[in-house]
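The values are calculated or read from the model by the stated rules, or taken from the named source; none is laboratory data. Just so you know, these numbers come straight off a predicted model, no measurement behind them. Here Cβ is always computed from backbone atoms with ideal geometry, including for glycine, and neighbour counts include all displayed protein chains. For accessibility, only protein heavy atoms count, side chains too; no ligands or nucleic acids. Shrake-Rupley method; radii C 1.70, N 1.55, O 1.52, S 1.80 Å.
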Amino acid sequence: MTVSKNDNREWINAVYNTLINAEFVLIKTNIKLATDLDLLLRQKWDLPDNYAFEKIRQNFMHELLKYISTQDESAITQQLHILELEHLSDLKTGFETAYEQVNKIYFQ
C-alpha cells in the first residue's frame, strides 16, 4: 500500500486538530493537563507554514491558558481583531465562543 502525500497531509491534519480539540476540552475540565499538553505541543510541534490554520488554533488555545492565569485579555482581543481584518469570520466566531465558555467556567 502506497501512502500519497495528500493522504499523509490529511492524516497529519486529523492528528493535529484532534490534539487541539483535546486541549480545549482540557482547558474546560482540567487546567493542569491542558497546560501540560500545551507545553508538549509547543515544545515538540514544529509545523510548517502550510499548517497555518492549525498553528492559529493552537496559538489561541495557548493564549486562553495565559488568559485564565493572568486575566489579561489583550492577546485574545488582538487575535480576534486580526481574524476580523483577515476576513476569517468563521474562525473568529469559533474563538469568540471558546472565549465566552472559558469566561463562564473561570470568571463567573
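Quick rundown of the values:
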quantity: Cα-based helix-to-principal-axis angle, 5-29 vs the chain, degrees rounded to 10; calculated: 20 degrees
quantity: Nearest 10 degrees, 0 to 90: helix 89-107 Cα axis against the chain principal axis; calculated: 50 degrees
quantity: Solvent exposure, largest accessible area first (probe 1.4 Å, DNA, RNA and ligands not counted), of Val25, Val15, Val102; calculated: Val25, Val15, Val102
quantity: Accessible-area ranking of Arg42, Arg57, Arg9, largest first, probe 1.4 Å; calculated: Arg42, Arg9, Arg57
quantity: Check: the chain dipole with +1 on Lys, Arg Cβ and -1 on Asp, Glu Cβ, in debye; calculated: 300 debye
quantity: Per residue value of the accessible surface for segment 2-108 (all protein chains in place, 1.4 Å probe), Å²; calculated: 65 Å²
quantity: Segment 1-84: relative contact order as a whole-number percent, Cα under 8 Å and 6+ apart; calculated: 26 percent
quantity: Eligible lysines near Lys28 by straight Cα distance, threshold 18 Å, same-chain separation 8 or greater; calculated: Lys66, Lys104
quantity: Difference of contour (0.36 nm per residue) and Cα-Cα distance, Asp90 to Asn8; calculated: 26.9 nm
quantity: Surface accessible to a 1.4 Å probe, Leu88 within the full protein complex, Å²; calculated: 70 Å²
quantity: 0 to 90° range, to nearest 10: angle between helix 31-44 axis and the chain longest Cα axis; calculated: 40 degrees
quantity: Accessible surface of the chain, 1.4 Å probe, proportion on carbon and sulfur as whole %; calculated: 54 percent
